[in-house]
Amino acid sequence: MNIMKRKHNNRRLISYFVIWSVILSSFLLYSPDDVVLSATGVPEIKILTPETDSVVKISTVKFIGRISDDQTTPDKLPVKVFEQQGDSQQPIDITDEGKLTITPQDLYADFSFSKEFSEGVHTLTFVVSDGEFSNQFDLSITVHTAETEQSNVTKAPDNNLASQGPSSNEKTSTDQVSTMVSKMSLFSEETDRPYMYKMYLIPKDVVDEYKPLDEGVLWETEPDYFLPVEDMTRVPLDYILLIDVRSTEGLTTSKPLITVSDDFKGTPNFIKSVGLSNGMKANIYTFTPEKLLPKTTYNVYLNPEFSNELGDKQIIPRFLKFTTVSASHQDVDDFENLAELPDSARSLDFNIHGNYSNVTNACSYCHSTHNGKSDKLEGGKFGNSEENLCMACHDGTTGTMIAPKVVDNTNELKTNQHDQSSGSTCTSCHNPHTSGTKENPNSFKPISDTDSHIRTYKKASTATGNADDYSVCLSCHNGSKDEKSQKVITDINQYYSDSIYINQSGHKIKATADSGSNLDGQIPCAECHDTHGSNNIKMIRGELGNIKISDDKDKFISSGIEWNAENEREFCSKCHNGSTQIYGVTGKAIYDKESGLAINPDIPDHNKGTKNGEKACSSSTCHSNGGENAFREAAHSPKKITNP
């Protein structure tokens, strides 16, 4: 018997050896002309989304990852995808069955792989090789496209959260579990609403080039001149917006899709509706601005009243912004007619502060060969203080022809904590000499001298909830000491990377399937904070929920300059009011707006205007574990309450 076992184990070891021999040999035969041998470096590979053990509700699954190597350039790192099928001991190469796209950056490459999968569990291995060494990333997903009875029941948002509870039809154990989870969550979820799938900035004469595809399916080649709206900079002045709204039903024609302000007027136009799989329709709209001014930041809001034809399913709110191009060439004087100039006479090369190789005069704004006050010869036209160098142009005084205004604050006591007094400056995040790209339009710096990955600041369109998504913030806010001010910077990174905080967090959100977002993790920093300052303390946005708010009573407006129980309750209730939506989920109301009484009478601490109403949300008996960082913990990783 023991002899038989040994023989069986020997055969298994031989099988594993054969499997990996096949895998490695496939790389050695893969594009040999492109392989660069590495002396010591081992390539790295990571899948950013979806997470392992995720349940995917569509058959075509898109995997997004990143590869890098110390010794090999990103464009020379082939990726292969294998699947363990059935009881077979040898994984099957499925790379050619799907669509693999690799996009090299400076020091790494982003890649995506999309393929249609059958129902059930799929175990995949992603492998990268530099020809000498290889590395792998394993994960499993479950494809489950069948609609449940509960997901078929949809309704309009209900501001009276007291009436929301399990229906009499919910009798199965699955429904009971869902109900219990819902009670523990700080957010409620709805499904099957219209949502923004894509929004691009494009030249006005190429609308027909946009190809509506099923979710997870990539274009063979996305045109370089199709720019994502979210935080895009240096946008040409003759560009228009193209919006792809997904819905299974017809959409309203009585309400506009975009909410516009006085400085962003334009003409909306419905282009066409294209039928996709599973009954989904891609509804293509354009918005042609009357006039875009150079070097100006524009805000774009989806109209929260836009809905299906019946009006009972409103679109999921979304807020995006972009900044237009400026003239970087000194021979351009006619700024008013900049849009009519040929490409050669306006900045389309993504250089932030001019084309230095052709226009050396741009250097003199910050540097002076003979009068420089530092080893970098800083001391040009705008002085030698780093803050002055940037804000001399970016405070709005130079007009929109030169630089956009990055902050618009009226309350000096609450404005920007990213100033010199904190030790941080503009170049803590940005490199003023680095040309932006379509993927990095804001010219963010690498995370550190030892980590070459470019910092990221992802929002609704791209955030997955992984800490790496917010490295612009977390590369500093990790409890480290600032070299200039010697102050210890707040440790926010722990709430995004420590499993204890993540598991307890009521701000860990899984975006609804119909939200157009891949978020499955902690709420992005940008949902609450504006990195360039606000009129509130802690740089908190006044407009929460991604909609344009005109009435001040619906905005968050902090009181005083201290973060106390009053400010905290006011801030939390701006989302937890039964109507504010982010990523398709609605913040549950904690008290009735008119009476101020708690929606759930079993939680009297949620009453407003009573003795208990003065209690902080971050109390150790409520949404934090107590201690000196209770306020911070309750905001970034609020402890969920399991009261009925």
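The values are calculated or read from the model by the stated rules, or taken from the named source; none is laboratory data. Note that the structure is predicted; figures quoted are calculated from it, not measured. Here Cβ is always computed from backbone atoms with ideal geometry, including for glycine, and neighbour counts include all displayed protein chains. Ligands, DNA and RNA are excluded from the accessible area calculation, which covers all protein heavy atoms including side chains. Shrake-Rupley method; radii C 1.70, N 1.55, O 1.52, S 1.80 Å.
Tabulated results
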| read-out | value |
| --- | --- |
| Qualifying residue in the range 565-574 (condition: part of a loop (DSSP other than H, G, I, E, B) and either touching a Gly at 6+ places or on another chain (Cβ under 6 Å) or more than 30 Å from Met196 (Cα to Cα) (or both)) | no |
| Condition check for Ser112: open to solvent by 70 Å² or more (accessible area, probe 1.4 Å) and touching a residue at least 40 places away in the same chain (Cβ under 8 Å) | no |
| Number of positions in the range 115-127 that are surrounded by 15 or more Cβ atoms within 10 Å (Cβ to Cβ) and hydroxyl-bearing (Ser, Thr, Tyr) | 1 |
| Filter result (over 16 Å from Asn135 (Cβ atoms) and free of Cβ contacts under 8 Å to residues at least 60 places away in the same chain) within the range 71-94 | Thr73, Asp75, Glu83, Gln84, Gln85, Gly86, Asp87, Ser88, Ile92, Ile94 |
| Any hit, the range 496-508, residues being in contact with a strand residue (DSSP E or B) (Cβ under 6 Å, 6 or more places away or on another chain), basic (Lys, Arg), outside any loop (DSSP other than H, G, I, E, B) and touching a residue at least 24 places away in the same chain (Cβ under 8 Å) | yes |
| Selection from the range 436-447 of residues that are open to solvent by less than 50 Å² (accessible area, probe 1.4 Å) and more than 17 Å from the chain's Cα centre (by Cα) | Gly436, Ile447 |
| Qualifying position, being under 15 Å from His636 (Cα atoms), of a type in the set (S, T, N, Q) and in contact with a strand residue (DSSP E or B) (Cβ under 7 Å, 6 or more places away or on another chain), among Asn518, Asn577, Asn493, Asn546 | Asn493 |
| Qualifying residue in the range 544-558 (condition: small (Gly, Ala, Ser), free of Cβ contacts under 8 Å to residues at least 12 places away in the same chain, closer than 30 Å to Ile258 by Cβ and out of contact with any Leu (no Cβ under 8 Å at 6 or more places or on another chain)) | yes |
| Residue count, the range 509-538 (criterion: among the basic types (Lys, Arg) and buried (at least 23 other Cβ atoms within 10 Å of the Cβ)) | 0 |
| Lone qualifier among Ser558, Ser595 - being at pLDDT 90 or above, on the phi < 0 side of the Ramachandran plot and not aliphatic (A, V, I, L, M) | Ser558 |
| Selected residue [open to solvent by 30 Å² or more (accessible area, probe 1.4 Å), more than 24 Å from Asp69 (Cα to Cα) and modelled with pLDDT of 70 or more] from Lys458, Lys376 | Lys376 |
| All positions within the range 51-81 that are of a type in the set (Ser, Thr, Tyr), over 22 Å from the mean Cα position of the chain (by Cα) and open to solvent by less than 30 Å² (accessible area, probe 1.4 Å) | Thr72 |
| Which listed residue, of Asn546, Asn607, Asn629, is open to solvent by less than 40 Å² (accessible area, probe 1.4 Å) and closer than 19 Å to Cys525 by Cα | Asn546 |
| Failed item, numbered, when Glu230 is tested on (1) in contact with a strand residue (DSSP E or B) (Cβ under 7 Å, 6 or more places away or on another chain); (2) loosely packed, with under 15 Cβ neighbours inside 10 Å; (3) part of a loop (DSSP other than H, G, I, E, B) | (2) |
| Some residue of the range 265-287 being touching a Phe, Trp or Tyr at 6+ places or on another chain (Cβ under 8 Å) and aromatic (Phe, Trp, Tyr) | yes |
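Matching residues to (1) open to solvent by 50 Å² or more (accessible area, probe 1.4 Å); (2) of a type in the set (Val, Ile, Thr); (3) in contact with a His (Cβ under 6 Å, 6 or more places away or on another chain); (4) part of a strand (DSSP E or B):
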| site | (1), (2), (3), (4) |
| --- | --- |
| Glu222 | yes, no, no, no |
| Leu241 | no, no, no, yes |
| Asp244 | no, no, no, yes |
| Thr253 | yes, yes, no, no |
| Pro256 | yes, no, no, no |
| Asp263 | yes, no, no, no |
| Ile271 | yes, yes, no, yes |
| Tyr285 | no, no, no, yes |
